[in-house]
Structures are given as C-alpha cells and as structure tokens.
1. What's the FRET efficiency of residue A:374 with residue A:75 using the Cβ-Cβ distance as r and R₀ = 35 Å, to the nearest 0.05?
2. Given the rule -39500 (n - 2.57) for each run of at least 4 DSSP H residues, summed and divided by the residues of the protein assembly as shown, what is its mean residue ellipticity at 222 nm, to the nearest 500 deg cm²/dmol?
3. Given labels modelled 7 Å from the Cα in the Cβ direction, how far is it in nm from residue B:36 to residue A:391?
4. Looking at chain B, which Cys residues are left with no other cysteine's beta carbon under 4.7 Å from theirs?
5. Name the GluC sites (Glu not before Pro) in the range B:103-198 that are in a loop by DSSP and that have at most 15 other C-beta atoms within 10 Å, would you?
6. On average, how much accessible surface per residue is there in the range B:229-337, in Å², for a 1.4 Å probe, leaving out ligands, DNA and RNA?
7. So how far, in whole Å, is the C-alpha centre of the range A:187-238 from the one of the range A:66-90?
8. Show which aspartates and glutamates lie in cross-link reach of residue B:225 when reach means a straight Cα distance below 18 angstrom and same-chain residues fewer than eight apart are skipped.
Amino acid sequence: MTEILKPDNADQVLDAVKWAVSEATPLEVRSLGTKAGFGRPVQAGRVLDLSNLSGITDYDPGELVLTAGPATPMAEIERALAAANQELQFEPMDLGPLYGGSTDAPATGTIGGVIAANLSGPRRVKSGAARDHFLGFHAVSGRGEVFKSGGKVMKNVTGFDLSKLMAGSFGTLAVMTEVTVKVLPRPEKTRTVLLMGGDDEAAVAALCDALGSSHEVAGAAHLPAAVAARSGVGYVAGAGASVTAVRIEGPGPSVEHRCAALTDQFKALGAVEELHSHNSIAFWREVRDAIPFTGDRAGDQVWRISVPPTAGAEVVRRLTDGLGGDAYYDWGGGLIWFALPTREDAGATAVRAAIADCGGHATLVRASADVRQAVEVFQPQPGPLDELSRRVKDAFDPEGVLNPGRMVAGV
Amino acid sequence: MQMPDPDQRVIERRAEIIKAMRTIVPGEGVIADEAMLKAFECDGLMAYRQLPLIVVLPETTAQVSQILAYCHLNDVKIVPRGAGTGLSGGALPLADAITLGLSKFNRVLDIDYPNRCAVVQPGVTNLGVTKAVEADGFYYAPDPSSQIACSIGGNIAENSGGVHCLKYGLTTNNVLGLEMVLMDGTVLRLGGKHLDPGGYDLLGVMTGSEGLLGVITEVTVRILKKPETARAVLLGFNSSEEGGDCVAAIINAGIIPGGIEMMDKPAIHATEEFVHAGYPLDVEALLIVELDGPQIEVDHLIEQVGEIAKGQGAVYSRISETEEERAVFWSGRKNAFPAVGRMSPDYLCMDGTIPRNKLALVLKRTAELSQKYGLRVANVFHAGDGNLHPLILFDANQPGELDKAEQFGGDILKLCVEVGGVLTGEHGVGVEKRDLMGEMFTEDDLKQQQRVKCAFDPTHQLNPGKVYPTLHRCAELGRMHISRGQVPFPDIPRF
Ligand SMILES: Cc1cc2nc3c(=O)[nH]c(=O)nc-3n(C[C@H](O)[C@H](O)[C@H](O)COP(=O)(O)OP(=O)(O)OC[C@H]3O[C@@H](n4cnc5c(N)ncnc54)[C@H](O)[C@@H]3O)c2cc1C
C-alpha cells in the first residue's frame, strides 16, 4: 500500500514537501483523485492528499472573485455561485463521466484540479479556459518554499503571471494551497439553435460563420449522425442526421433576437430546430463532458484534439479513415473529441500525423495506465520548447518531487 | 531610482558593437548618432531619461536572432522597445545596453476570419490591428487609451488593458500565439491558431513579462465581430461612494457592461475644459456605462442601468442617442491624461487595483495624502474591474517636487496593497514600481518569479534593472536550502 500523507493546512503541506525533498521521495499530489486517469501515471512512492484543504474562504459576489482551498469540491463551488446567480464562466468539463462516473451526478472533482488541468467547456470560444479566470494562488514549490503570485482582484500585472504557469501544469510545479478565481453572473436565458443534416465541412463552415458574427455565440458544436444518435436529448437523437448546434445566452429579448437571426442564416442549409432551457442545458453538458463516449463506449480510448477550427473536418477525415472510431466537434470545429477501439499505442502516431501540418495538439484523455505509460499523453513539443519547459520545471521543482512523469516521461 | 551600474567594458567596446550590428542590420537600422539617440532616451515615464548605448531596428526575426546571439556571446544587454508609450519605464534605456526597437516589424501578415484571428508583427499599433480588419466588421478588443500609438508587441509585454476589458478581457485573454526569440538567439513558437496548447503555458507567462523573458517577433491575436450597436449612459453622483455602489448594483443585477468608467470631480473638470464633452460639473463622481450588443439588448439593459442608478441616488443621467454622442461621451475619458496634463507642467499616473468595495476608503485616504503632500490629484477609474488611475499633478522644475510626487504615488500604491489590492493593474512595474514590489511580495515570492526569468534568460541580459528590486544570480537562486536526509518525517496525519 502506498502511504498517504494528508495535511490539514498549508504549513503541513510545506513540511511534507520539505521532507520529500530531503528524502528524495517524490509525491503524487492529488485532491479527490477524480482526474487520476488524465495524464501519465505518476511514479511516486507517496501520495500527498490535499482533500483537507477544502472550503470557500472568501466570496463577495459583487467583487466577482472567489477564494477557496484547492480541494474544495466543484459541487460546493457551483452551489455557492448558483445561490448568488453566478458561475464559473469557463464552464469546466467534468471528467467524472468519461472515467466511468454517473452522467447525471453533481459535478465531481475540485477547483484545484480544474485549474491544474486547465479545464474548460463549450463556452471556451467566448469566455476562455480556466487559465483566463485564474487570478492568483498561494503554493508550496517543489523546492519546499512557500510563495504566492497574482492577487484577489481582476486586473493585475504585478510581476510575472505565474498563475498561467500553474494552470495546466498538473501539479508538477508546486502544490497550490489557496486559489482565487474570477466569477461572473449567470446568463438570464440560454437557447440553442440546431441545424439538421449536412456534412462535417459544411457544418464547420456554418459554425465559423456563427462565431464570426456579432451574436456572441457561447457554444458551437457539430455531432455527426452516428454521434448525434447517441444523445439523450430527443430532438438530437431523433434527427436521423448530423446535428450542428449553436448556443446563445443573455437577456431574454436579446436571445430571441439573435436566435431568430441565426435561424434565418441556417434555414438555407437545412432543417432548423431550437432547444430551450432543460434540453439546451442537457445537450451542452453532453458535449462538454464527452458523454457520447461513455456508457457502451466506455472501453474506447479517447483523444481530445485542439486545432484551428477550419482544419477540424479534414483532421477528422484523416483520423477516422486511418483508425476507424467516431468523432464530434466543439469550439466551432477547433476541438475534436475522438474515440477509437482500443489499440496498444492508442493510434498516437496516426493522430499526431493527422495534425502535423495544421498546428495543434492532441491529448490522450482516456486509456489504460499501461497505454498512458507507453504513449506520450500530451503533445510532444519541439526540441527548444521542450528544453525551455524543462528549465521551467527546474525553476519550481529541481529535484522532481512533485508528480514526476505526469506530463512528460522523466520530468 | 537606482539603476544597475553600467558595465564600462561594454561601453568601451561600443565601436566594435556598432560594427557587428551593422553586419547584421544594414543601412539605417543601427543608430549611433547622439542626436538621433535622444529620441529613444525615455518612454512614457518621462521623469527618467538615459541615452542607450545604441539603438538597433531590425526588420526580420533572423536579424533579431543574430543580434541576440551576438549580444549573448559578447555580454551586451538588450532593452526591447515597442512604441515607447509605456508608463512604468519598461523601455527606459540603459547606458550599456542596446535598445532593440521593433518599429520596423510593422506588417499585418495574415487575416483569417473563419478562425477569427490575425497574425501581425509586433510593431503594428494596437489600432492598426483593428484598422486591418474593420472594413469587414471585425476589431481587436483590448483598447488602451494609447491605442493610436502603442504597439501590439508592447501590449503583450505589458498585458495591457483598456476600457472594455471587464467584458472582453485583457491582452492575455486575447492572444493566441507568439513567435519569440530567447536571449541566446533561439526562435520559439508558442500557441497558434488553435486554443490552449498543451504543456506549460509559456504564452501566458510571456504576456506581461515586460521584455524580461524574450523578444516578441510575431503575434496571433483573436479578432471579434463588432457588436451590432453600442450606447453609453452618463451618470452623475453626489459622492464617489454612491458611484461605486452603483457599479456594484449593476454587476449584482447580472449585467456586465462593455465598459464602466468613473471620474472624480477634478478629472471631470479637467476633461470637460479640454474636450467639452458636456459632462455635468456639479457632481462629485461621473460614471460612463457602455452597453454593447444587439440593439434590442442594449436598449433593454440601458433602461435597467438607468433604473438601478436612480435607486442608487444618481442626480444626473444622460443616454447617448447617436453614435456621435456616444463618441463625445468617451472623448473626455479617453483624453483624461492629456487633459490633466494641461492643468499642470507634469503629472504622474498611478495604476493600482483595489477590491471595488474599498473605493470610497481609498479615495478618502488619497485626498488626505493630497493635503499632506500639498499636491493636487485627479482620479480616473476603470470602475468595473477596480483599476484606479490617480493622476498626481506636480512641477518637476520645482526642486523636490518630483520626489514628493513619487512618494505620494508610492503611498497610494501601498494603500492599494493594504486594502487587498495590487501595485499595478495594467501599466506594469518597470522601474517605476520596482522598489515597491516588496510591499506586495515576500522575498521568496520574488525569488520564485526570478527563477522563471532564469529559465528564459539565465545571464540576466534582457531588460535588467526592471521589475525586480534586487538581481540575484541564477546559480544562487537555484541553490536548494534543504539538505538530504535532514528533514524528519513530518508530523502530518498519514494512512
Ligand atoms: C496617453 C497614454 C495612455 C495610456 N493608456 C493605457 C491604457 O488605457 N491601458 C494600458 O494598459 N496602458 C496604457 N498606456 C500604457 C502603454 O501605452 C502600454 O503599456 C503599451 O502596451 C505600451 O506599448 P509600447 O509599444 O509603447 O511599449 P514600450 O513602451 O515600447 O515597451 C513597454 C515594455 O514592453 C517591452 N517590449 C516592447 N516591445 C516588445 C517586444 N516586441 N518584445 C518584448 N518586449 C517588448 C519593453 O521592453 C517594455 O518593457 C498608456 C500610455 C499613454 C502614454
């Protein structure tokens, strides 16, 4: 059994990291462990379990910022925000369902995990990712030193923006002990305009058009027919064709006006439907959490691929031609969710070849630990960038005691 | 302000360095003539001046790479410079450093509407990006008041803001990719037309790095379709407290306006005299609230904002009825710095951010400080995000006044930190706030930031003397203070 250290406060986190450095015994840093399947398996002798560093410590809705312990459950954060009619506008995906959890349970995971993995959702195209809403933190570096960066205000350029480095670093640089995020009002109303039928190219073109309009599109997805058929939303599953979806949010009269304009635009391309309140919410949750690749597809390996939107359809053609499997698009074509029947290398070579000429990155988000051990889970970086990234790691964790190997083998 | 002692050995090699630079950048791109160097002796923080060793104006990334590689080998320092509008002295020259100007990197390389981005060179002005796409109805959202002049490269180096960043984000939220050159000449690409490149977010840390980490040679930014329409409302209050409460009430009602700006009485008077925007002169605080989006939404929300303001004690309210009128509303605010500049031979512009609910307190204490120092102050405020710009009026020709103004400014920034805010919201630390960094950060905080510097520029040759009060050698910063086998097993719950 791996020994688990469970600090009660930031001081104890410091003690634990100092000790780890002194003993050259790496730590696997985690809160609730809901994202253990994301990234490479960590090679560490001990677990640093942060789950006691939990709780919202500061939240004044009028200031639009919230401060919390890193292990504060997302469900708790969402509850507190909902009570003030606010939300995390980057709409972090919930990895729970993808890793076998229930598809209609409250949010899993913690705020620290969401930041460490730089999660986002369909609203990324309008509002940014976790990195864009992460204002500041306190942490213990892999050097065994306490430090902070950023602040508790929305606008701050005092010193280097280390918050950006922490977001998406999967706990490999420092152990966060407090985080501050920007929060925003919930939109009054949400609706989704659906376009039925049409191939991937045409759909992506329509989505790019919508995103390039003044309608402030807050979600732009395309589900090819086979994926649409798996939806839990009746209109979508029953379409018998591909479904292209555009989400509009805001004050009531504005939403109606913009949906009408989009409907007019889409009519020339095919049949148009609208999803309201409950159905709209359910649909975007499916898109956000890769629900089409859960359930009877839980055995598939899943890639999350970010490319320039206009390259999306061609990349998917290459992927499915070469490897089989199914794909759907978020972010106007710029985010591809791709599921394929299990392979020893998860198709990594072919996946990366498919995006080589358009620029982008592919992350293997679901595969067995063996596969994630053998395959580069995150997009390999060109030499000089890789070297710089290693120097950045050294700047925070020179002895490699925090989550070694989680992002790149040997780092 | 103490700058690092110039390295005399480098100054002695000046002729040799000029020669080497001329082999890399032919023609007029190497400036060594003292009269011409004068034009580069300061940035927007004009109280500080220094002639650079020389100025080099390269035109290609390959040249930048060769220049940096040469300087790296030959121990020559580099100060990157965009348009020189920075307000914190980030582009202040050093006597022993080459000022590397990016003004010739002025081309728009690629406009890609379907992917909603533009690829431009760093010397293109902020407004130049919008100009390149506006015929097709697009724009680049971050809009610093200096947008006619400042460069997009400088914007990234400072992570600049503007009056619309509450809704549309700061520079950092609108940059997708960079090409940059490290001090040793290595050319790197970060990000691109896709979102959230994996690996450490080096693009994020480059943004706002004030020329300390690398030289930016190409930029990919997000462009947006212009909102259908925009309307602004002027709201006057009898106290800045009421004005501040009104901002909170608007946000608490779930409305995020395109912009919310606030001015105090001295700023209202100064701008009104300068541009005649029609501002009310008998109020203590004036808000400009702008709503943008579809007509129907803007009309709907501006009415709501009017109602909220009434409830918060607004004594003046005027809604723009035409595009011209909206522009007039903004003209005062957008010209606040020059307007205040007319009232006084010199002014210093402060840039702290505070939690918005501390506004009344900070303004009250600022007024007290103004009394204490015997210097006038006018306040403009990005009210939506808590970013305060007190403008301190002084006369540099009066002995001691600059010192006094700087102390006054320092006290205001310390106050910002004391109430839970920060030293700078958008103008950067540069040399101006360098020695105040200890007010906000511990020694360990600052050392950790400098270790990041070491990862990019281990020889401290890029823009030294800026941002960090003490320069530590990278070897010293890297040393571990925990020795092997010396720390006992921690007394922590374990399982
Ligand atoms: C009247 C006035 C109004 C202003 N209003 C605003 C405002 O509303 N909001 C705001 O945020 N700022 C404002 N500013 C400040 C200033 O315009 C911004 O900081 C701007 O981004 C600086 O751009 P620049 O090209 O002039 O950069 P410079 O002043 O030339 O340089 C600024 C810093 O960036 C570095 N740098 C420049 N180019 C590069 C590059 N290519 N690679 C690496 N480093 C580089 C320099 O070394 C320096 O540290 C204002 C300034 C003035 C004078």
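1. About 0.55, to the nearest 0.05.
2. -9500 deg cm²/dmol, from helical runs alone.
3. 3.3 nm
4. So, B:42, B:71, B:117, B:150, B:165, B:246, B:349, B:416.
5. Within the range B:103-198, no GluC sites (Glu not before Pro) qualify (loop, at most 15 other Cβ atoms within 10 Å).
6. 36 Å²
7. 28 Å
8. Once the sequence-local aspartates and glutamates are set aside, what remains near residue B:225 is A:209, A:216, A:249, B:110, B:112, B:134, B:136, B:143, B:290, B:292, B:297, B:323.
The values are calculated or read from the model by the stated rules, or taken from the named source; none is laboratory data. None of these values were measured; they are calculated from a predicted model. Every residue, glycine among them, receives a Cβ derived from its backbone with ideal geometry; neighbour counts consider all protein chains shown. Accessible surface areas use protein heavy atoms only, side chains included; no ligands, DNA or RNA. Shrake-Rupley method; radii C 1.70, N 1.55, O 1.52, S 1.80 Å.
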